[in-house]
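Only one structure is covered here, and it is reproduced in the block below.
The values are calculated or read from the model by the stated rules, or taken from the named source; none is laboratory data. As the structure is a computational prediction, the values presented were derived from the model and not from experiment. As a convention, Cβ positions derive from the backbone with ideal geometry for all residues, glycine included, and neighbour counts pool all protein chains shown.
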2 protein chains.
Amino acid sequence: MRVGVLGGGQLARMLALEGIPLGHRFTFLEPAPDPPAGALGRVVDTAYDDPAGLARIAAASDVVTYEFENVPASSAAYLAARLPVLPPPPALEATQDRLAEKRLFRELAIPTAPFHRVDTPDDLDAALAVAGLPAVLKTRRFGYDGKGQAVVRSAEEAAAAMAALGPGLIAERFVEFSRELSVLGVGARDGSRVFYPLTENHHREGILRVSHGPAPGVTPELQARAERLATGIMDRLGYVGVLAIELFQVGDDLLANEMAPRVHNSGHWTLDGATVSQFENHIRAVTGLPLAPPRVPGPAAMVNIIGELPDPAAISALPFAHLHLYGKSPRPGRKLGHVNITGRDADEVAEGIARVCAALPR
Amino acid sequence: MRVGVLGGGQLARMLALEGIPLGHRFTFLEPAPDPPAGALGRVVDTAYDDPAGLARIAAASDVVTYEFENVPASSAAYLAARLPVLPPPPALEATQDRLAEKRLFRELAIPTAPFHRVDTPDDLDAALAVAGLPAVLKTRRFGYDGKGQAVVRSAEEAAAAMAALGPGLIAERFVEFSRELSVLGVGARDGSRVFYPLTENHHREGILRVSHGPAPGVTPELQARAERLATGIMDRLGYVGVLAIELFQVGDDLLANEMAPRVHNSGHWTLDGATVSQFENHIRAVTGLPLAPPRVPGPAAMVNIIGELPDPAAISALPFAHLHLYGKSPRPGRKLGHVNITGRDADEVAEGIARVCAALPR
């Protein structure tokens, strides 16, 4: 099958690396030069809303998927009129705007932190009354990796943050969570679903640094609750593909923070830690193959490579370390690759994380 | 690093699929149109001995490796004068001619079936005296997948086979083995070595059909003996990369049948059944990275897809089946892909093999 991907970054690269052995061929729509996925298929190098580029990828594909949620609505509509676009375009609408996303959670009775839209100074007062202080102000669109966010501890800080971030914000209560988790669900065209064990995520400066997959100490009840949340969203959206939901654990409760209609950084450990990766299951889903229920033989973890490249020999010398580079040139704050760690037990994985972190620059 | 590969078939494809995440870029020298590795790098589409093609791949690469042993000696010499060619060219000389190969085994005190060169009718008499009857007559060069071989049960059959196969033969005793095994060793540039557990192989019509990795019932002594054989050859050849040796088990003894200076069909199960595949370790070896000692969490197996493509949905629906297609069009006797099977125990893997075989055409 011919698979088109909107975006040619590392997620597209890993989708192709896992999809090519299933017999598929890939075309990527990506304006940036020398993209990470470039070695794995044809590249259409126009803007994401260029009609000629869209026509070319439509002609070159039997199905189109994407590696980022900020696909222009007009592009999604153009493509969906010509061939299957999966996950389905309503998933894009639901995730491009944090307010729409939170409203969808509320509609489906999925717990979230209290939130309120913020467009005017009056909104801000109302929002702080709902969210309390401290609060988090976030741009509703195009935020990623902690960008477009500010934690505010007073009305004055809130007003200053509003001025800095511009209009189109959402205010949310600052949640004192015990940890951040994510759930990855996969929906097939025939409505069947599989789920990965919950992952525990650790961020620094807004960027994911380390994931533990599966997250330690997850009860079957907690796993089931997370899967129910994801199922509610997938049912509503007629979902096909991988859906990632970031969650805050507060005591025994789960609050939904945000979601992504695509493969997700917190699922990269599945490349080495599960019998089938999130990338393979996403490709199975969008190409209409049966999903594979993932089996996880032991503990695993992922450490992101950010900003600077390590010595590949230093990483390769570590037992049970699996290097995944994206072919990107170094730049501060940029995700350049990740290292997966597998081990026989939690101690071995913990030692592996420590040794990988020590081998990374800084 | 820029890796050049002589050949663009399925072995080159899988080398690239495993090498790209390590940050490497690939160029393939392959005269056939639309080769399996074509989606994974640049293709230089000249003959293997075309000076212009060799100059192009030399210019595009930091190291050259190969996916087949019949690399023209002049091509290997041309490339080796310009950049590292690994495994080293002496490994090509030792494996291109079955007689040279068997003599190397004998020199290193590696047990083999009795053998004798056959170029003339007089040779044939001498050869049958050494090999006994039944014997196997084989072309010394360019044989693969059982091609260029004949089992002969009388002097008359031997003479007829000699006439049919042409000159340049070797005669070997027909070995009544209890099973066929293979050992895969990997040599690094710094002289370190890792080995995979012995694999048990089942052929039909000269083509590998099913591998069990690790082979059941292998004692530590048998594994150690196989590793010693491989070590002797790697030491002699200054070996870097994956070396595969096919062995006959006769009682508790191992006879070396033939070897391949490359990744090998009998190691395809390592893609899903080991923590690091033969392909990744070969790329680590030739690019100068430390090798990864493979860990094998449970039993695994591989079933080749020969001649006709299965319904991908039928394979994908099987639990613990991992589909690997090569992007080749169907043709009788052609290897089109393989299915790896992983399971918690031998029963689960045995059931998996049976279900995969049932899902394959015929």
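So here's what we get for this one:
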| item | result |
| --- | --- |
| Every pair of residues 6+ apart whose Cβ atoms lie under 6 Å, when the first sits in the stretch A:1-28 and is modelled with pLDDT of 95 or more while the second is among the aromatic types (F, W, Y) and part of a loop (DSSP other than H, G, I, E, B) | A:G7/A:F68; A:Q10/A:Y326 |
| Criterion: of a type outside the set (V, I, T) and farther than 21 Å from A:G241 by Cα - qualifying residue of A:A60, A:A32, A:A16 | A:A32 |
| Members of the stretch A:23-45 found to be out of contact with any strand residue (DSSP E or B) (no Cβ under 7 Å at 6 or more places or on another chain) and under 19 Å from A:A58 (Cβ atoms), listed by number | A:P31, A:D45 |
| Hits in the stretch A:314-362 - residues which are of a type in the set (V, I, T) and either part of a strand (DSSP E or B) or more than 27 Å from A:P297 (Cα to Cα) (or both) | A:V339, A:I341, A:T342 |
| Complete set of residues in the stretch B:25-36 that are more than 9 Å from chain A (Cβ to nearest Cβ) and under 11 Å from A:A39 (Cβ atoms) | B:T27 |
| Test: B:V43 is surrounded by fewer than 24 Cβ atoms within 10 Å (Cβ to Cβ) and within 14 Å of chain A (Cβ to nearest Cβ) | yes |
| Unique residue being free of Cβ contacts under 8 Å to residues at least 40 places away in the same chain and closer than 27 Å to A:I341 by Cα when the list is A:R262, A:R295, A:R284 | A:R295 |
| Yes/no for B:A230 being touching a Phe, Trp or Tyr at 6+ places or on another chain (Cβ under 8 Å) and buried (at least 17 other Cβ atoms within 10 Å of the Cβ) | yes |
| Matching residues in the stretch A:42-71 - criterion: being charged (D, E, K, R) and out of contact with any Asp or Glu (no Cβ under 7 Å at 6 or more places or on another chain) | A:R42, A:D49, A:D50, A:R56, A:D62, A:E67, A:E69 |
